[in-house]
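Novice: Quick one: the structure is below, and I'll ask about it shortly.
The values are calculated or read from the model by the stated rules, or taken from the named source; none is laboratory data. Predicted model only: the values in this text are computed from it and were never measured. Quick reminder, even Gly has a Cβ in these numbers, built from the backbone with ideal geometry, and neighbours come from all protein chains shown. Just the protein is used for accessible areas: all its heavy atoms, side chains included, with ligands, DNA and RNA removed. Shrake-Rupley method; radii C 1.70, N 1.55, O 1.52, S 1.80 Å.
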Amino acid sequence: NYYVELPLLFQPASEALKTYSDESTIPGALAGFARKNPAYPVSTILFQTSLQPRHIGLDRKGPFLTATDLPDHYYFRNESGKPVLWKNKKWLRPSVLPELATRDGAVAGYYLKNLVTAIGREPSLINENGEVFGHFRPLELLKQDPQVYKDFIASKLSVAGYSGRMQLEMDQAYKKAALEKSGIRNAVFSFYNLSAVQFEYWPDYAERRSLHKDSKGKVLSTPDFYPSRPGNWLTGAGALNGIKMLADGRKKEIELGDRSFSPFVSAGWSKEEENIRPAQWLALLKAMVMMGAEYFYVGYFNVTGSQGRWPSGKGPYNPAGYAYQVAMPAYAQAIRSWVPEFFESGTLLMPSDTEMGGAPFLFKGSAANDMILIRQLGKRYLIYGSIQPNSNRAGNAPAERLTSFRLNNRLLTLPIRKQGSVYLLDESDSASVIYQLDGWHQVEHPAYWPATIQEDAANYSRATGTTRRVTNWNAQPKNKPFKTWVELMDRGDAVYYDQLPGEPGSYRIRLDYSLTSRAGATASIRVKLGDRSETIELKSGVQQLLPGIFQSRNGKDEPLSITLLSGKLSLHGISLEKLD
């Protein structure tokens, strides 16, 4: 799910190709990486406002769709045929937009063709990020031109709907010309902020949504999620969208049949200590995934503190400060990869009015800054919870606490964390089971995460024999509402962990387990990782460091497996300590 992002150079072909071939430049180094690594898909970003039509022989320095010096018939005109000046500027008529967009699209296609020539293949994803228009054109403006107003009345559309149709025709023409001029046939072509989020501002999404489809024909909206500061997490501020703004828009999009979306995200662009911190950012991105985010357009900013230094004194270009902004979206996206069926076929639940936690889809938790989201698939539930700090001040919110909420008139109590916690509740059988998918995610900046991976044993990929998960709902004290483990009771029972170890290397393995209560009980297991398979005797106890070093050459392609050879075993947790 990673793309190589290549800068699109708005230069004549000779200059662009020279830069792309010079690996001492950033564009050249990235283009060289793309040439040498064809397995990685390539993406690039267009900025319509940066187009230079003179590069393809047209007499204009800037884009046609922002021009103010075209002949009068291109602009809104009053009854006397004179151009209308509304709010001290001219406005292009809807009827001329496809023509002008086609010209701009040809210029965009010229730059895209240079990129294709430089790397020898098409980009897989192209995004137009220029924000040429934006808000819809109000009724007061439409009335300024009698012909435009007549067309609006005849359309029988709302003001937002009329602007949506206008924007669709314009963008379709731009996209068609860009792809034809560049010769690109198979790329996904998207536009920034084509969504139902902030629907009172943007042209109507219902009119425009057909413009956005992925390679499988799925419609994906592209809102921005830029809360920027911790306190904006729910309601946002002005153009800084919070969860509520996203949820309001997603409600409309889901009603139109669009299960998934692909938001633009950024943790902030202020001094590092003012931006949303890593744990909260990971939790917010998981919330986006729960709402249907299939992938992210990731913005990150290397902004220094006073005297051009990070608070640590390092800087100004030390990635340790800002790399989390790039890393966290991948950690969040992995949740979707782990349980794709909940997003392809499941439903994002809407709580009742009395159970709603401040926005559509949010369930009310124990505190105002608890965020709970739930997806349902049959009798299985994907439950997300997080604690949302309202500032970066130390002690503003605990790292972890219990929250309670209602699901199907049943009160559930679960631990939730700053970095977010995702659980799978399975009520398919008579005995309910719940286990955590992301227990290994930590609260610290990822630069400080240790090399040891700790995984709940219940979070296995697959199992054989009579292996089963067991949840003890009732025999726990109130501060520990449940405990889940894996039971291997018969010879040949096995569990497989496709997500472990995750990357090549040498590992020590530690098991947390318990055996039957009979004195002197033992169990024999076979542990396999990569080429190494060990038979190990377990004695009564709760933890054991396995003998020997296990080697994984291909990471996730060589999953860890545990097979019971004799005895009875309850497996609680697994730790993998990376040694190299």
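Novice: Can you find a residue that is of a type in the set (D, E, K, R), open to solvent by 90 Å² or more (accessible area, probe 1.4 Å) and within 29 Å of the chain's Cα centre (by Cα) anywhere in segment 36-50? Walk me through how you get there before you give the answer.
Specialist: First pass over segment 36-50, keeping only residues of a type in the set (D, E, K, R): 36.
Filter once more, so that each one left must be open to solvent by 90 Å² or more (accessible area, probe 1.4 Å): 36.
Filter once more, keeping what is within 29 Å of the chain's Cα centre (by Cα): 36.
Checked against the condition, which is being of a type in the set (D, E, K, R), open to solvent by 90 Å² or more (accessible area, probe 1.4 Å) and within 29 Å of the chain's Cα centre (by Cα), segment 36-50 yields at least one hit.
Novice: Let me ask something else about it. Report, by residue number, each residue of segment 351-361 that is touching a helix residue (DSSP H, G or I) at 6+ places or on another chain (Cβ under 8 Å) and either closer than 19 Å to HIS441 by Cβ or surrounded by fewer than 23 Cβ atoms within 10 Å (Cβ to Cβ) (or both). Explain how you work it out, then say what you get.
Specialist: Here is the first cut: in segment 351-361, the ones touching a helix residue (DSSP H, G or I) at 6+ places or on another chain (Cβ under 8 Å) are 358-361.
Hits for segment 351-361 are GLY358, ALA359, PRO360.
Novice: When only residues in segment 52-67 that are out of contact with any Lys or Arg (no Cβ under 9 Å at 6 or more places or on another chain) and either closer than 19 Å to VAL116 by Cβ or assigned to a loop (DSSP other than H, G, I, E, B) (or both) count, which is most open to solvent (accessible area, probe 1.4 Å)? It would help to see each step written out before you state the result.
Specialist: Step one: list which residues in segment 52-67 are out of contact with any Lys or Arg (no Cβ under 9 Å at 6 or more places or on another chain), which gives 55, 57, 59, 62, 66.
Pick out the ones that are also either closer than 19 Å to VAL116 by Cβ or assigned to a loop (DSSP other than H, G, I, E, B) (or both) and you get 55, 57, 59, 62.
On the way: HIS55: 36, GLY57: 69, ASP59: 153, GLY62: 26 Å².
Checked segment 52-67; the qualifying residue most open to solvent (accessible area, probe 1.4 Å) is ASP59.
Novice: For PRO398, which of the numbered conditions (1) surrounded by 14 or more Cβ atoms within 10 Å (Cβ to Cβ); (2) on the phi < 0 side of the Ramachandran plot; (3) modelled with pLDDT of 95 or more; (4) part of a loop (DSSP other than H, G, I, E, B) fails to hold?
Specialist: Among (1) surrounded by 14 or more Cβ atoms within 10 Å (Cβ to Cβ); (2) on the phi < 0 side of the Ramachandran plot; (3) modelled with pLDDT of 95 or more; (4) part of a loop (DSSP other than H, G, I, E, B), the lone unmet condition for PRO398 is (1).
Novice: Go through segment 420-441 and count every residue that is open to solvent by less than 60 Å² (accessible area, probe 1.4 Å), in contact (Cβ under 8 Å) with a residue 24 or more places away in the chain and assigned to a loop (DSSP other than H, G, I, E, B).
Specialist: 6
Novice: Do we find a residue being farther than 30 Å from LYS156 by Cα, in contact with a strand residue (DSSP E or B) (Cβ under 8 Å, 6 or more places away or on another chain), crowded, with 20+ Cβ neighbours inside 10 Å and modelled with pLDDT of 95 or more anywhere in segment 252-262?
Specialist: To start, the set of residues in segment 252-262 that are farther than 30 Å from LYS156 by Cα comprises 262.
Keeping just the survivors that are in contact with a strand residue (DSSP E or B) (Cβ under 8 Å, 6 or more places away or on another chain) gives 262.
Keeping just the survivors that are crowded, with 20+ Cβ neighbours inside 10 Å gives 262.
Of the ones still in play, those that are also modelled with pLDDT of 95 or more are 262.
Looking for residues that are farther than 30 Å from LYS156 by Cα, in contact with a strand residue (DSSP E or B) (Cβ under 8 Å, 6 or more places away or on another chain), crowded, with 20+ Cβ neighbours inside 10 Å and modelled with pLDDT of 95 or more, one finds at least one in segment 252-262, hence yes.
Novice: Could you run through segment 520-561 and say how many residues are among the hydrophobic types (A, V, I, L, M, F, W, C), open to solvent by less than 90 Å² (accessible area, probe 1.4 Å) and either free of Cβ contacts under 8 Å to residues at least 40 places away in the same chain or within 16 Å of ARG491 (Cβ to Cβ) (or both)?
Specialist: Going through segment 520-561 one residue at a time, the tally reaches 9.
Novice: Right, another one. Within segment 485-507, work out how many residues are out of contact with any Pro (no Cβ under 6 Å at 6 or more places or on another chain), part of a strand (DSSP E or B) and at pLDDT 95 or above.
Specialist: Our first condition is that a residue be out of contact with any Pro (no Cβ under 6 Å at 6 or more places or on another chain); within segment 485-507, this holds for 485-495, 499-506.
Within this subset, residues satisfying the condition of being part of a strand (DSSP E or B) are 485-488, 494-495, 505-506.
Okay, now just the ones that are also at pLDDT 95 or above, so 485-488, 494-495.
Adding up the residues that qualify gives 6.
Novice: Count, please, the residues in segment 191-216 that happen to be in a loop (DSSP other than H, G, I, E, B) and either hydrophobic (A, V, I, L, M, F, W, C) or touching a Leu at 6+ places or on another chain (Cβ under 7 Å) (or both).
Specialist: Of the residues in that region, 7 qualify.
Novice: Of everything in segment 253-273, what is under 30 Å from TYR322 (Cα atoms) and among the acidic types (Asp, Glu)? Give them in sequence order.
Specialist: First, the residues of segment 253-273 that are under 30 Å from TYR322 (Cα atoms): 260-273.
GLU272, GLU273 - these are the residues of segment 253-273 that are under 30 Å from TYR322 (Cα atoms) and among the acidic types (Asp, Glu).
Novice: Limited to segment 130-174, what total is found for residues that are β-branched (Val, Ile, Thr), buried (at least 18 other Cβ atoms within 10 Å of the Cβ) and more than 37 Å from the chain's Cα centre (by Cα)?
Specialist: Initially, segment 130-174 is screened for residues β-branched (Val, Ile, Thr), giving 132, 148, 153, 159.
Then keep just the ones that are buried (at least 18 other Cβ atoms within 10 Å of the Cβ); that gives 132, 148.
Filter once more, keeping what is more than 37 Å from the chain's Cα centre (by Cα): 148.
The total comes to 1.
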